[in-house]
Every structure is written in C-alpha cells, then in structure tokens.
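Comments concern the structure below.
The values are calculated or read from the model by the stated rules, or taken from the named source; none is laboratory data. Since this is a predicted model, take the numbers as computed values, not measurements. Using ideal geometry, Cβ is built from the backbone for each residue, glycine included, and neighbour counts are taken over all protein chains shown. Ligands, DNA and RNA are stripped out before the accessible areas are found, and what is left, the full protein with its side chains, is counted by its heavy atoms. Shrake-Rupley method; radii C 1.70, N 1.55, O 1.52, S 1.80 Å.
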Amino acid sequence: MLRSLRVVVFLLLLITIGFFYGLTHRENIFPHASFISGSRILNGSFMLIGNIFNPIHGWENITNVSSIEASTAQEKMLLGIRTPPSTTTVNTSSRSPSEVLKGGDGIIFLETTDRMQPPSLVLCAIESAARVYKNQPVVFFMKGLSNTNIKETVKRNFPALSALSNVHFFPLRMEELFTDTPLHSWYQKIIPQKQSYWTHVSSDACRLALIWKHGGIYLDTDVISIRTIPIKDFLAAQSSQSSSNGIFGLSTHHDFTQKCMVHFVQNYDSRIWGHQGPQLFTEILKTFCEIPKFIGTEDAMCGNITFLNPQRFYPIPYPAWRKYFEVWDRSSTFNDSYALHLWNFMNKEKLTVVPGSNTLAEFLYKEHCPSTYKTIRRN
C-alpha cells in the first residue's frame, strides 16, 4: 500500500514538474505572448499536459516553423519565421515617377481605364519593352491603381511583369499630372462623362504631359517591341505624310510637345476620333517642315525631329490588321522595324493569341514576351 502511494506521489510530482517546466519554457519562447492568439497558447498548454512523459513535445511542434502559420508580421517576428526571398521583384518603391524617370530615357505606358486585369497584349507590350530596353525604366501608369497595397496588387495581377526588375508601376493621377502644363485649365473644366472618346482623349493628353515632363519614349499598349529605337527625338509615320501619336520619343520640355498641348486646348473637339491624337501630331509637325513623302525605307528630318518611316512600326497597315492573327508564312522578316503596332482598336472581334495556331501574333509572343506566352499556355 505504502509502495503504491509512493508511486502515485512520484507520478504527481513528475506531472507538476513537467507542467511548470513547460510554462517556463513557453515564456522563454514567447516573452510577448500577447501578440499570439489565445487559442494557440491554450492548444499548446493542452499538448503539454496531455504528454506527461515528454512535457515539451507539443512546444517543439510550435517552435517548428513548418508546423504553424503566423497570421501577422509580428507573429512571424516572434516565432523567428523568415519569409523566403520572393522570386519576383515588384518595383512599387517609394520613389516618385520623377525619380524613376529622371534620366529622360524611360519607356512609358498608360492605362486610362480602371481595369486592373488588362488583356495579354498589354502584358506582352510591356514585357517586350522591358526585355528590349533592359537598362532603362519601363513605367506603367494605371488609373485603377490606388496608393494602398500596390505591391500586393501588382504581384497578384501582373506576376509575369513583377519578375522584371526594370518595370515600375504607378497610379495615374491626372490632376497632378496636368498641373504646370497648358492642359491643366482644360482638365479642370472638362466633364468626362460628356466626352465621346474620353478614354482615348484622356490618354492623348496624358502621354503629352508625361513626355513633356519626363522625356523618353511613349508606346501604346498594343505595341510589341522588337529592337531598340536608336533615335532620341522622333515621331512615327503611320503612313506617308501622316504621323502617329501611338509611338513617339522626345526630350523633356521639347517644343513639339509644348505646341501640341497648346493646340490641344485651343482646338479641342472630342467628337472627332483622333482629333487630339494623330491629327494633332500631323498638324504640329507641319509647322516644323513640309512633311516628305516616303518612297523607300528611308527616314526623314523635320526640323529637330526625325520622322521615322512607316516600316519602323507599321509594316502592316491598319486595314490589314487581321494578318497578325493569320497563319504566318514567315515571308515577312520585319528587319526594318523597331516595334510592331497590332492595331487593337480595330480588333472589334477580340481576336487573341491561341497557342499552337501558328499565327504571326503567336510568333511575336513566343519571341518577345515569353513569360506572357507561358502564362497563356498554362491557362
């Protein structure tokens, strides 16, 4: 009887020692346990009590970072969890657009709608530019991008672009952008809902203000880059004696962009498609020179601006835009082109790249935006 009583006392003593040892060990692990949910602490206590012969076995599970999910950054810090380095680089730093584009050599894209999941052509355009202009910032201004959770939004919506270290994302704030430009007075009195082509008109205005303030190259989001443009101040001929405004590059505060902004405000008419775009550029270019007719693949000088041959960006003219979505016979090499404009505005049928279709568009995706193409194949 006495022997049995001793055994019981001994077991009770072991339980007591194990319990208090576990509490002491827990306090050493969590000196600030208020950051951790009470349910986890209670569960740990039950594990301690429920395993008499190995009183800290349950806490070994808790200290094993692979067996617990910390729900806050504070918990991760307390548990000693190190977040593995991300495989993507999301450039949404605290630097302003002016700091990123201060070199005057940036490649600028725009999204003037609120959409945050643009079609693959937009992603391909940006990726191809980032790969061609590896040592230059490629900046995507998005109206739908807010200042909150930019990094997470970009990683979620643009995983392929996030992996490119020279791609930067910024919210598009028109009021701020147009400040200190001739466009500001126009923007303050305009009523967007009453404009026939507001998405396009606002884009026409934004690209002028951005290039005037920062310099660099502007590209439409349906332009796939093939090779670098070796000229700094240029306009792109859409056809002979007609300029495009979908691709152009100018120095900061260039007199061409200044004249365009003044003309934009003085002769504004949103009812006419392209009035503030290609038509405006062509009219202002006429003040620099008599626009030449192209005969071969030569470029032309127009004042202090190089007027690039239509072959540089528009070897396939807009009436023939469907060729991009037809089987490619490889007879067209595009050796005279720096980039290709896919005429997305004409694509009312919403034709897109289909893996295995052997179209010209598919070839361009494979060659110049492989990450975007892989995503299309995977999905």
Checklist outcome for this item: A correct Stokes-Einstein calculation for the stretch 307-374, using the alpha-carbon Kirkwood radius, 25 °C and 0.890 mPa s, returns a whole-number D in µm² s⁻¹ of 194 µm²/s
Next on the checklist: Tell me whether the stretch 137-290 comes out rounded, prolate or oblate; compute the Cα gyration tensor, take square roots of the eigenvalues as a ≥ b ≥ c, and use a/c under 1.5 as the rounded threshold.
Outcome noted: oblate
Checklist entry - What FRET efficiency would be calculated for the residue pair Arg173, Asn358, taking the C-beta separation as r and a Förster radius of 45 Å, to the nearest 0.05? => result 0.55
Checklist entry - All other residues with a Cβ under 14 Å from the Cβ of Tyr365 taken together, and with Lys, Arg as +1 and Asp, Glu as -1, what is their net charge? => result +1
Item to check | Kirkwood Rh and Cα Rg combined as Rg/Rh, the stretch 226-379 | outcome: 1.01
Next on the checklist: Could you work out the relative contact order of the stretch 167-308? I mean the mean sequence separation of Cα pairs under 8 Å and 6+ apart, divided by the number of residues, in percent.
Outcome noted: 26 percent
Checklist entry - Over the stretch 90-217, what is the mean sequence separation of C-alpha contacts under 8 Å (at least six apart), divided by residue count, expressed as relative contact order in percent? => result 35 percent
Next on the checklist: Rounded, prolate or oblate for the stretch 227-283? Axes are the square roots of the Cα gyration tensor eigenvalues, ordered a ≥ b ≥ c, and the cut-off for rounded is a/c under 1.5.
Outcome noted: oblate
Item to check | the stretch 266-341: equivalent-ellipsoid semi-axes (sqrt of 5 x gyration tensor eigenvalues, Cα, Å) | outcome: 27, 19, 8
Checklist entry - Over the stretch 91-153, what per residue volume does the convex hull of the Cα atoms give, in whole Å³? => result 93 Å³
Next on the checklist: A 30 angstrom limit on the alpha carbon distance is what I want to check against. Which of Lys348/Lys374; Lys189/Lys232; Lys143/Lys323 exceed it?
Outcome noted: Lys189/Lys232; Lys143/Lys323
Item to check | Cα-based shape type of the stretch 110-186, given that a ≥ b ≥ c are square roots of the gyration tensor eigenvalues and the cut on a/c is 1.5 | outcome: prolate
Item to check | Separation of the Lys350 and Thr113 label points, Cα + 7 Å toward Cβ, nm | outcome: 1.0 nm
Item to check | Per residue, the convex hull volume that the Cα atoms of the stretch 156-200 enclose (Å³) | outcome: 129 Å³
Checklist entry - In nm, what is the difference between 0.36 nm times the number of residues separating Thr375 and Asp105 and their Cα-Cα distance? => result 94.3 nm
Checklist entry - If Lys and Arg each add +1 and Asp and Glu each add -1, what is the summed charge of the other residues whose beta carbon sits under 15 Å from the beta carbon of Ile376? => result +2
Item to check | Taking the stretch 225-358 and dividing mean pair separation by its residue count, relative contact order in percent (alpha carbons under 8 Å, at least six apart) | outcome: 28 percent
Checklist entry - All other residues with a Cβ under 14 Å from the Cβ of Lys350 taken together, and with Lys, Arg as +1 and Asp, Glu as -1, what is their net charge? => result 0
Item to check | Cα-derived Rg to Rh of the stretch 205-299, Kirkwood definition | outcome: 0.94
Checklist entry - In the full protein assembly as shown, how much of Arg227 is accessible to a 1.4 Å probe, in Å² to the nearest 10? => result 90 Å²
